[in-house]
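Engineer: Have a look at the structure that comes next, please.
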Amino acid sequence: MDTPRRIKTLQGVVIVIAAIVLLRLFYIQVLDGSYKTNADNNVLRYMVQYPPRGEVYDRNGRFLVQSKEAYDLMATPREVRPFDTALMSRILGVPVEQIRKELIKASNFSRRRASVIVKQLPKETKLRLEEHQFPGFFTVYRTVRSYPTKMAGNLLGYVGEVDDRILERDPYYRSGDYIGRSGIEQAYEEVLRGEKGVKIEMVDVHGIPKGSYANGIYDTLPSPGVAITCTIDARLQALAEELMEGKVGSVVAIEPETGEILVMANSPTYDPDELVGRDRGNNYMKLLNDPRRPLYNRAVMSFYPPGSTFKVIQGLIGMQEGVLSPSQTYPCHGGYPYGRGVKCHAHGSPLDLEAAIANSCNAYFCYVFRNIIENKKYKNIEEGFGVWADYVRSFGYGRKLGTDFTGELNGNVPSSEFYDKAYRGRWNGLTVISLSIGQGELGCTPLQMANMVATVANRGHYRTPHVVKRIHDRDSIDARFYVNHTTRVDARWFEPIVEGMYQAVNGGGTGRIAMVPGLDICGKTGTAQNPHGADNSTFFCFAPRNNPKIAVSVYIENGGFGATVAAPIASLLTELYLTDTIQRAPLVEYVKNKQIAYPYYERQQRK
């Protein structure tokens, strides 16, 4: 190849290379925005704008939960310059060592990304920080929860920082975000949390803010969380918690027609404000280590034998199965005399069904229970027992009710298979006779007991209990809360049971302490054996007898007879709800002064 041709070829190669370089530069500078973005990141700060969480009201419009203004102090390590640590320490009210420790942690995490140094500062502290420009530090607006009524901690729940598991599961959250950790806060997290926004701020090379970027046209505003109206009656809840002080147990009250929960009180409980702010961690550990477990929602998580309140279900099943008529009588001379026997307290004999309910006769329902499961129309006891268990489950026992809050447990209705295995196929009605009076392997939650008495009040049906009455951006709550669930017992069989419950309170029966003239309270006492000490005290009731407005269940650990503590509490709550006042001040003082010893928890405390 001659020289001129070689020169032209070389020139062509140079031209091609130059063209490629020019095109690349054009692409980088004009078409590709990534480099511009990287450059902008050196002078622009993208700050998440956190929305206030939605408020929670009681059914009468009273605040149960609010959000109040707070700020997190952030720092971008590479922008931090030498500063007066002693001054910052005085402003923040935290030790210098803590500030240094958090800065080291932030630098180890990322020198380019902002990290939280101190959380939940009040507005006054934020303003004092802004008086002194600390390079690389800035504040981010947050909200913290406030509980004006300081009640219902177990029901309302609390808000805590997200963990790695949540960050992996839900892209909405970033490290340092807060999320509902229990109760309504957790169950309705997606409603209450709102939607985040973003604010773009210009900063100089020292990280000091210089104003909003492009006058804020690229900012997005946060959307506040949606408010919720709760079904809880704050006044009734406050009385329940006051009466339960010094006791361990739970109170649940339901509006029978709707399934709306009027009260869900636990004792011991806690002030939900204790789990807000910078002392939250210490307070949480203190509550967590308390042997009486104040963080534990006993209303839906405790597993109790229902005791004599369960006799109501036995009577209903017996009538439906045709093995019991309301006029049928059985003798009782101190208890049920067969097998190992079941003792009973002194009362008249023989009794019919209504009197057996009113006087809580153990022997009567032992006869009824055996007649149900040993009914000759079934081929064997396993089949009869299975039918009985299906009836019990239709009242909401032995399974979750499907409520709208977290932590609900199943309870337990034993199966014939369980006893086949436990007794190697050799068992009969006497083997499991304790089930007749709500003992043995039978277990339920206080919520299930309240739902049970609401079912009796409705004469055979219930609506799924729930704690949210209205979500403020929606026309209605979940459709499942409007559905009636019907038991396997016909409505006609409920009247003899209701009459027995009426006589228990108003006719001199075991629940007579709960009587309030004119309210027609119908109730049933219960005393349940307790392996950790004295018997548990339980009582449930509804009122008035016709067109009932409230159903209440009270369960007190180590409380003794049902009429001792549980019945007065249920009666006082019913009186306040139906009359707006309480006329029996001495009974209030009696209950408030009734302090119960709990050897089991005291032993745990010593450990």
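The values are calculated or read from the model by the stated rules, or taken from the named source; none is laboratory data. These figures come from a predicted structure and were not determined experimentally. Because the Cβ atoms are built from the backbone with ideal geometry, glycine has one as well, and the counts that use them run over all protein chains shown.
Engineer: Restricting the search to region 406-447, which residues are of a type in the set (D, E, K, R) and under 31 Å from the mean Cα position of the chain (by Cα)?
Structural biologist: 408, 441
Engineer: Next question, about the same structure. Could you look through region 91-107, keep only residues that are exposed (fewer than 12 other Cβ atoms within 10 Å of the Cβ) and not acidic (Asp, Glu), and pick out the one that is nearest to the chain's Cα centre (by Cα)?
Structural biologist: Result: 93.
Engineer: Now a separate question. Give region 455-507 a look and list any residue that's over 22 Å from residue 321 (Cα atoms) and part of a helix (DSSP H, G or I), or say none.
Structural biologist: Once the filter is applied, which keeps residues that are over 22 Å from residue 321 (Cα atoms) and part of a helix (DSSP H, G or I), region 455-507 yields 479, 480, 481, 482, 502, 503, 504, 505, 506.
Engineer: Among the numbered criteria (1) assigned to a loop (DSSP other than H, G, I, E, B); (2) polar (S, T, N, Q); (3) without any contact (Cβ under 8 Å) to a residue 60 or more places away in the chain, which single criterion is violated by residue 258?
Structural biologist: Failed condition: (3).
Engineer: Take residue 159 and decide whether it is surrounded by 18 or more Cβ atoms within 10 Å (Cβ to Cβ), aliphatic (A, V, I, L, M) and closer than 26 Å to residue 447 by Cβ.
Structural biologist: Criteria met by residue 159.
Engineer: Of the conditions (1) free of Cβ contacts under 8 Å to residues at least 24 places away in the same chain; (2) surrounded by fewer than 19 Cβ atoms within 10 Å (Cβ to Cβ); (3) in contact with a Phe, Trp or Tyr (Cβ under 8 Å, 6 or more places away or on another chain), residue 180 satisfies every one except a single condition; which number is it?
Structural biologist: Against the list (1) free of Cβ contacts under 8 Å to residues at least 24 places away in the same chain; (2) surrounded by fewer than 19 Cβ atoms within 10 Å (Cβ to Cβ); (3) in contact with a Phe, Trp or Tyr (Cβ under 8 Å, 6 or more places away or on another chain), residue 180 comes up short only on (2).
Engineer: Can you confirm whether residue 447 is assigned to a loop (DSSP other than H, G, I, E, B), touching a residue at least 24 places away in the same chain (Cβ under 8 Å), within 21 Å of residue 307 (Cα to Cα) and assigned by TED's automatic domain parsing to the domain that holds residue 523?
Structural biologist: No: the conditions fail for residue 447.
Engineer: With the condition kept exactly as written, say whether any residue in region 201-217 is modelled with pLDDT of 95 or more, surrounded by 14 or more Cβ atoms within 10 Å (Cβ to Cβ) and of a type outside the set (Val, Ile, Thr).
Structural biologist: no
Engineer: Oh, and also: Only one of 274, 201 is touching a Pro at 6+ places or on another chain (Cβ under 7 Å) and either among the aromatic types (Phe, Trp, Tyr) or over 30 Å from residue 482 (Cβ atoms) (or both); which?
Structural biologist: Step by step, each of 274, 201 is checked, and only 201 is touching a Pro at 6+ places or on another chain (Cβ under 7 Å) and either among the aromatic types (Phe, Trp, Tyr) or over 30 Å from residue 482 (Cβ atoms) (or both).
Engineer: What number of residues within region 458-486 are touching a Phe, Trp or Tyr at 6+ places or on another chain (Cβ under 6 Å) and closer than 14 Å to residue 230 by Cα?
Structural biologist: The qualifying residues number 2.
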